[in-house]
C-alpha cells in the first residue's frame, strides 16, 4: 500500500514538472519575447535578526488575485485550488531586495522561487517585530514595460521575547483530517480559508503564547508544515481571518522531489526546525504538533539534539488508536529523561493549562482560552466536512 502511494505521489509530481516544461516550451514556440500576462512578485513572510534578513518568494505571471468568501460553492473552491497549482512561473527572474540603504539581488530557480539574504548590519529597524523589504523585478520586464514591485515582510523577534514557538499547521492549528486521506482531500479541496476551521480555542492559545506570561513579550511564532508553497496565501489569510498570530511559514515546493518525495516529511521539518534554532541561539522554544503523523518523533529528535533549548512539547491527540497512544507514551518517557516534557493534550485548554502552570502564559490568558473554546463550541459547525458528507 505504501509503495503504491509513493508511486502515485511521485507520478503527480512528475506530471507537475512536465506541465511546467510544456507551458515554457509553448511560450517559446509562440515566439513570445514578452510574457503574455503581467508579471508579479509573490513574497513570503521572512525571518531574521537585527543583523540579517532572510526572505523568499516567487515570480509568476499575474493571473489576477484569487478572491474567496464564505459563500463560495464547493465547485468554486475546487476551481480556485486548481488555479493555485496551475501557475506560470518565471524561471531565471532577477529580483532586487532593499532595506533602507542595504540591497542585494537574487535569481529565481526553474520554479520561479527566489531567496534573498540581506546583511543589514547596523541598519535601524526600530522595535517593530516586522520589517518591510522593498522588492523589484529587474528581469524580465512585463508586457507593458513596467517593473513589478512588491513589499516583503521579515519577522525579527524583539528584545522582549522570552521564547519562540514552532508549530505544525495541519491538524494542529487548522482542521485537516490527515489521518483520513479522503476527508483530508475533501477538506482542502472543497473548503477555503474562510470556511475551514481552526481547532477550538487555538487562536486565543497562540495569542497567549505570543504575549507570554507578562502579556507584552511579543514571542515569535514559526509555522513548519509540509503543505506546498502554492497554499501560502490561503494559509496566511486563514491565520488573519481567525486572529491567529502571523508567523514565518516554512512550506515545500510542489514537485517530484519535494512535497511528494518519499520520507521527506520528517527531514523537511527537522532541517527547518534546526534552521530556526540556529538563527535564534539565545531563545528557548515551545514545540506544538499533533499525533496524526510524525510530529512527536520529529520533536523527540529535536529535544535529543537541543535538550536545553526546548521548554515544552505539546501534541494534540487526534489518533486515539491504542498502538499510537502506546508509542507516544514511550516518547513521553524518552523526552522526560532530558528534563523536558511532552504533553499529549486532548484539547487546547488542556495544553493552555499546562502552559500557564509553566509560566509560559498568564492565568488571565488561560481564562481567555477557555472562553474562546466555549464560544467555538456554541458557534455553528456545519462548515466542517463530516463523515455523513463523504
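For region 279-326: of the residues being over 20 Å from residue 345 (Cβ atoms) and within 19 Å of the chain's Cα centre (by Cα), which is surrounded by the most Cβ atoms within 10 Å (Cβ to Cβ)?
Going through the qualifying residues, I end up with 280.
Taking region 283-296, which residues are out of contact with any helix residue (DSSP H, G or I) (no Cβ under 6 Å at 6 or more places or on another chain) and over 24 Å from residue 356 (Cβ atoms)?
Within region 283-296, 292, 293 meet the criteria.
Confirm whether residue 177 is modelled with pLDDT under 95, surrounded by fewer than 21 Cβ atoms within 10 Å (Cβ to Cβ) and farther than 27 Å from residue 356 by Cβ.
So residue 177 fits the description; yes.
Going by what's in this entry, would residue 261 be described as part of a loop (DSSP other than H, G, I, E, B), surrounded by fewer than 20 Cβ atoms within 10 Å (Cβ to Cβ) and at pLDDT below 95?
Answer is yes for this residue.
What pairs can you find where one residue is in region 67-91 and farther than 15 Å from residue 241 by Cβ, the other is modelled with pLDDT of 75 or more and part of a loop (DSSP other than H, G, I, E, B), and their Cβ atoms are less than 6 Å apart, with a gap of 6+ or different chains?
89/111; 89/112; 90/112; 91/110
Taking into account only those residues within region 313-322 that are out of contact with any helix residue (DSSP H, G or I) (no Cβ under 7 Å at 6 or more places or on another chain) and not in a loop (DSSP other than H, G, I, E, B), which is farthest from residue 162 (Cα to Cα)?
Across region 313-322, the extreme among qualifying residues is 322.
Can you say whether residue 296 is part of a helix (DSSP H, G or I) and either assigned by TED's automatic domain parsing to the domain that holds residue 222 or closer than 25 Å to residue 213 by Cβ (or both), as far as the supplied structure shows?
Yes, satisfied.
From the list 121, 152, pick out the single residue that is surrounded by fewer than 17 Cβ atoms within 10 Å (Cβ to Cβ), within 24 Å of residue 218 (Cα to Cα) and in contact (Cβ under 8 Å) with a residue 24 or more places away in the chain.
None of the other options fit; the residue is 121.
Of the residues that sit in region 162-174 and are in contact with a strand residue (DSSP E or B) (Cβ under 8 Å, 6 or more places away or on another chain) and assigned to a loop (DSSP other than H, G, I, E, B), which one is modelled with the highest pLDDT?
The residue in question is 163.
The values are calculated or read from the model by the stated rules, or taken from the named source; none is laboratory data. This structure is a prediction, so every number in the text was calculated from the model and none was measured. When we count neighbours, we look across all protein chains shown, and the Cβ atoms used for this are built from the backbone with ideal geometry, even at glycine.
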